[in-house]
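This report concerns only the one structure given below.
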Amino acid sequence: MPVEHLWKWLREDVTYHTCYRSKTQLIEQVAQFQSVLNSRPLIVSDRLWVKNHLNPEEEKLRVST
């Protein structure tokens with residue numbers, strides 16, 4: 001589900017390796033993340049678009065030789 005990828009994106013950009021001093025700071029960061037997404041819908045669609053094919057160059061990186 002695309003919403004799962006959105007949550008992962010939020011965690012990567014806002015909460016990974018970060019400890020906020022207060023709940024208010026966390027809420028402000030989430031609001032800023034939301035503001036950026038709302039102002040750039042094409043970035044959101046590009047990142048969350050469900051892929052129906054594999055990129056050969058990307059798949060090369062997944063397989064060790």
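The values are calculated or read from the model by the stated rules, or taken from the named source; none is laboratory data. Please read these numbers as outputs of a predicted model, since none were measured by experiment. As a convention, Cβ positions derive from the backbone with ideal geometry for all residues, glycine included, and neighbour counts pool all protein chains shown.
Annotations
- Neighbours by Cβ (under 9 Å, 6+ apart or cross-chain): first from region 28-53, free of Cβ contacts under 8 Å to residues at least 24 places away in the same chain; second surrounded by 11 or more Cβ atoms within 10 Å (Cβ to Cβ) and among the charged types (D, E, K, R): 29/13; 33/13; 36/13
- The set of residues in region 12-51 being surrounded by fewer than 10 Cβ atoms within 10 Å (Cβ to Cβ) and among the basic types (Lys, Arg) consists of 21, 23, 51.
- Filtered residues of region 10-21 (kept if charged (D, E, K, R) and not in a helix (DSSP H, G or I)): 21
- For region 22-56, the set of residues classified as modelled with pLDDT of 95 or more and assigned to a loop (DSSP other than H, G, I, E, B) consists of 22 only.
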